[in-house]
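Read the structure below first, then the notes.
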Amino acid sequence: MDVRTAAAALLLRYRTAEAKAVLEEAAKGKGLIPFEAQEALKRWEEGTWSLDPA
């Protein structure tokens, strides 16, 4: 799940629907990976997400 979550976070700009689906699923649990998924989704919604150059 950690690799899928990291890939989804990096692909948010290019494959938004698919990446959000993966992150939303990962965000359901407890621990570091769900926290990272929640933060990526939060930053995306805020418009402050910037894991890759535009």
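No value in this document is a laboratory result; all are computed from the given coordinates. Treat the numbers as computed from the prediction; the structure is a model and nothing was measured. Note: ideal-geometry Cβ built from the backbone for every residue, glycine included; neighbour counts use all protein chains shown.
Would the stretch 20-37 turn up any residue that is surrounded by 15 or more Cβ atoms within 10 Å (Cβ to Cβ), under 8 Å from the mean Cα position of the chain (by Cα), hydrophobic (A, V, I, L, M, F, W, C) and assigned to a loop (DSSP other than H, G, I, E, B)?
Scanning the stretch 20-37 turns up no residue that is surrounded by 15 or more Cβ atoms within 10 Å (Cβ to Cβ), under 8 Å from the mean Cα position of the chain (by Cα), hydrophobic (A, V, I, L, M, F, W, C) and assigned to a loop (DSSP other than H, G, I, E, B).
Could you list, in sequence order, the residues of the stretch 7-19 that are surrounded by fewer than 19 Cβ atoms within 10 Å (Cβ to Cβ) and either part of a helix (DSSP H, G or I) or in contact with a His (Cβ under 9 Å, 6 or more places away or on another chain) (or both)?
Within the stretch 7-19, A7, L10, T16, A17, E18 qualify.
Pairs please, first residue from the stretch 5-21 and of a type in the set (F, W, Y), second anywhere and outside any helix (DSSP H, G or I), Cβ atoms under 9 Å, 6+ apart in sequence or on different chains.
These pairs meet every condition: Y14/D52.
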